[in-house]
Amino acid sequence: MTGLLLQFGPTALLETLIQGLGQAGLYVILASGLTLIFGLMGVLNFAHGAFITIGTYLGAMGLFLLSSPNAAGVGGFLPLLGVFVLVFVGLMALGSLVEFGLVRRLYGRPPIDQILLTFGVATVLQQLAEIFVNLFTGGTSNQAQTPWPEPATYGPAVFGENVTVAGLAIDGVVLMEILVGAVVVAGVYLFLTRTRYGLYIRAGSEDDEMAEALGIDIRRVFTVVFGIGSGLAGVAGTFLIWQSTYDVTVAIGAQALLPAFIVVVVGGLGTFTGTVVAAAVAGFFFEFGVLLSTNVFDFVSLPQMLLFILLVVTLIVRPTGILGEEEVGGH
Amino acid sequence: MSLLEVRDVHTYYGESHILEGVSLDVDTDEVVALLGRNGVGKTTTMRTILQLTPPRKGRVRFRGEEMVGKRTSDVAKRGVGWIPEDRRMFGNLTVEENIRAAVPSGSDMGAAFETAFETFPILEERRQQDAGTLSGGQQQMLAIARGLVGDNEMLLVDEPSEGLAPQIVADVGEALARVSNEVAVLLVEQNLRLALNLADRFYVLDHGQVVDEGDTAAVDPGSERLTRHLSA
């Protein structure tokens, strides 16, 4: 391994580390909602992918409305902030509605019922997104499945360029992912540890019946958490617009759901700290795979394969995940 | 009108008929002991009052208001606190956070901490410690403190002495005696001496039915009246 690393210069390795941090930031945004929802409610939310897809398209529409192609300077970032807020609030409302109208009817039922329900919600939302995209574009039935590159040309100009930081060439969107990832980690951490609702969420995660007996309306807490989780999924979906490894199609959420699940399982089901650690590990694994596949092996799927190796090794060596207490499948 | 009125309550777990027409009353500032062997429905009675296990038939009224059909959090908000059998601390939350979670929003948090720490000074020393790392006695104190700070008019206290060393049982008994000066208490307790010392009245449950009731002053722990229902 050391020999393998030595054939790259320190610059390439440092750039890989920073790219890995960016990937970790993206994974944190993708997986935070999943882990919060599972941690409190014990619901493995398969609709998360559909929320990501809707976040991508809502983000694209927000960019067309508020931003302009390759906007330079601060003028590119302020509309982007507006798009993130729009997407977060929109998806939070949709997620809260789904929890309030559908998911809460199945609390106390076997986990398979909730999985089937959220899978059904995902399928319906995915189909609705497809119908909407085809209507909006006036295109043929496969328009929603065809990569749509235009939204990626909107937003800050720096997203399409390399930025030089301390002599290292870093993709502008990677720096943004690191920043937003850090904001999400800090925001969720502060929300969980410094607010009354965060306290209720942590108490309810441990013993929802006792929390209810203390006068905490745990159903309202569930709705808020589902909403926040869905909002974060939407923001992650918007970020995928600029990811070279993802095409903007209605399948984008399903594609992104896989690494999100890997991060949640590797970190330990329902632990936010575990998710952050796992996102960092997975981010570095992925970018190390990119480094190897572009310089050593001609094997484009190596980064994804490394993620699955990470998952398999974790499940064998530590079935609870890095910081989890409950074994996967241990219900 | 009593503070708490339970009337002809029938509660089931699945198809198992656990409470078969239980009726009882608890008045303001009264301590009432609910006695009986293991498995006769004492804990289920508390869960029924809290609507954690709602009855299929019967009424539960608190301050004259019907509780059946309400959510547990609504029952708790009306002033019914629960100190459960196995304490059920939030083990990964600190002592302070456990107390904070029990204080209703809008209540004076500072006053709540003062009440809790005045009653149990050891909890102030352990304020930043995770509740899961406390000893059994300290966890019981925290459980009682959570009940105290909840602006409750009544506490449902389930087996507070279970698994505790004799000296700790005495401390817990003393704390409950102080608590009972401020709120009404429905107490389930296997330690008959402790239960009769604390309570003004008692009910005896057997096979999901109230089979005896009376003033604690009229009985002693060894009396035939109690032992025929309580001995294994």
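The values are calculated or read from the model by the stated rules, or taken from the named source; none is laboratory data. Quantities reported herein were computed from a predicted structural model and do not represent experimental measurements. Reconstructed Cβ throughout: ideal geometry from the backbone, glycine too, with neighbour counts over all protein chains shown. The accessibility values were calculated without ligands, DNA or RNA, using every heavy atom of the protein model including side chains. Shrake-Rupley method; radii C 1.70, N 1.55, O 1.52, S 1.80 Å.
For the stretch A:2-317, the relative contact order comes to 37 percent (Cα pairs under 8 Å, sequence separation of at least 6). Based on protein heavy atoms only, the stretch A:2-317 ends up with 41 Å² per residue of surface accessible to a 1.4 Å probe.
In terms of accessible area, using a 1.4 Å probe and ignoring ligands and nucleic acids, A:57, B:13, A:107 rank largest first as B:13, A:107, A:57. When only Cα pairs below 8 angstrom with a gap of at least 6 residues are kept, chain B shows a relative contact order of 28 percent. One quarter of the surface of the convex hull around the alpha-carbon atoms of the protein assembly as shown equals 30.9 nm², the direction-averaged projected area. Build a GNM of chain B with springs between Cα atoms under 10 Å apart, and of B:212, B:25, B:158 the one that fluctuates most is B:212.
Using the Cβ atoms and a cut-off under 15 Å, what net charge is assigned to the surroundings of residue B:101, where Lys and Arg are +1 and Asp and Glu are -1?
Around residue B:101, the surrounding residues sum to 0.
Taking the longest Cα principal axis of chain B as reference, the axis of helix B:166-179 is set at about 90 degrees.
To the nearest ten degrees, helix B:136-148 and the longest principal axis of the Cα atoms of chain B are 80 degrees apart. Legend: residues in the stretch B:65-91 shielded by at least 20 square angstrom of accessible surface upon adding the remaining protein chains to the isolated chain (1.4 Å probe, heavy atoms) are B:71, B:72, B:73, B:76, B:77, B:82, B:88, B:90.
The sum of -39500 (n - 2.57) across all DSSP H runs of n ≥ 4, divided by the residue count of chain B, sets its helix-only mean residue ellipticity at 222 nm to -9500 deg cm²/dmol.
Membrane-span-like helices in chain A, defined here as complete DSSP H runs extending at least 15 Å along the helix axis by their C-alpha atoms with mean Kyte-Doolittle hydropathy no lower than 0.5, are A:10-41, A:48-66, A:74-101, A:111-137, A:172-194, A:218-240, A:252-267, A:272-295, A:302-317; this is a sequence and geometry rule, not a statement about a membrane.
Any idea what the relative contact order of the stretch B:68-193 is, in percent, if you count C-alpha pairs under 8 Å spaced at least 6 apart?
The normalised contact order for the stretch B:68-193 reaches 34 percent.
Rolled with a 1.4 Å probe across the full set of protein chains, the surface gives residue B:114 an accessible area near 120 Å². Which of the residues in the stretch A:213-240 show a loss of at least 40 Å² in accessible area from their chain by itself to the complete set of protein chains, at a probe of 1.4 Å? Buried by the other chains: A:213, A:214, A:215. Between residue A:170 and A:163, A:164, A:165, the built amide H atoms are under 5 Å apart, and every one of these is 5 or more places off in sequence or on another chain. Straight-line reach from residue B:77: taking Cα to Cα under 14 Å and skipping same-chain neighbours fewer than 8 places apart, the aspartates and glutamates in range are A:212, A:217, B:65, B:66, B:151, B:153. The Kirkwood radius of the stretch B:89-201, taken over pairs of alpha-carbon atoms, gives through the Stokes-Einstein law at 10 °C and 1.306 mPa s a diffusion coefficient of 112 µm² s⁻¹.
One Cα centroid belongs to the stretch A:1-70, the other to the stretch A:217-292; the line between them spans 6 Å. Across the stretch A:162-222, Cα-Cα pairs farther apart than 20 Å form 49% of the total. Going by Cα centres, the stretch B:132-186 and the stretch B:47-86 are how many Å apart? Answer, in whole Å: 20. Take the Cα radius of gyration of chain B and divide it by 2.2 N^0.38 Å, N being the number of residues; the result is 0.98. Percent of C-alpha pairs per 10 Å bin in chain A, short distances first: 6, 25, 34, 24, 9, 1, 0.
Each principal axis of the Cα atoms in the stretch A:49-180 has its own extent, and those three values, largest first, are 55, 37, 23 angstrom. For chain B, the solvent-accessible area with a 1.4 angstrom probe is 41 square angstrom per residue. A convex hull fitted around the alpha carbon atoms of the stretch B:1-62 yields 76 Å³ per residue.
Note on residue A:148: accessible area approximately 60 square angstrom, rounded to 10, probe 1.4 Å, nucleic acids and ligands left out. Within the assembled protein chains, the solvent-accessible surface assigned to residue A:21 is about 80 Å², based on a 1.4 Å probe.
Share of carbon and sulfur in the accessible area of chain A stands at 69%, probe radius 1.4 Å.
Based on the alpha-carbon gyration tensor of the stretch A:122-251 and its eigenvalue square roots a ≥ b ≥ c, which shape applies: rounded if a/c is under 1.5, prolate if not and a/b is larger than b/c, or oblate?
Since a/c reaches 1.5 but b/c is at least a/b, the shape of the stretch A:122-251 is classed as oblate.
Share of carbon and sulfur in the accessible area of chain B stands at 44%, probe radius 1.4 Å. Interface B-A: total buried accessible area of about 2000 Å², 1.4 Å probe, protein heavy atoms only.
A simple rule links phi to the HN-Hα coupling: the Karplus curve 6.51 cos²θ - 1.76 cosθ + 1.60 with θ = phi - 60°, which for the stretch B:151-163 gives 6, 8, 9, 8, 10, 9, 10, 10, 6, x, 9, 4, x Hz, with x for Gly and Pro. In the stretch B:40-58, what residues drop by 10 Å² or more of accessible area when the other protein chains are put back, versus the chain on its own? Use 1.4 Å, and skip ligands and nucleic acids. Listed in order, they are B:47, B:52.
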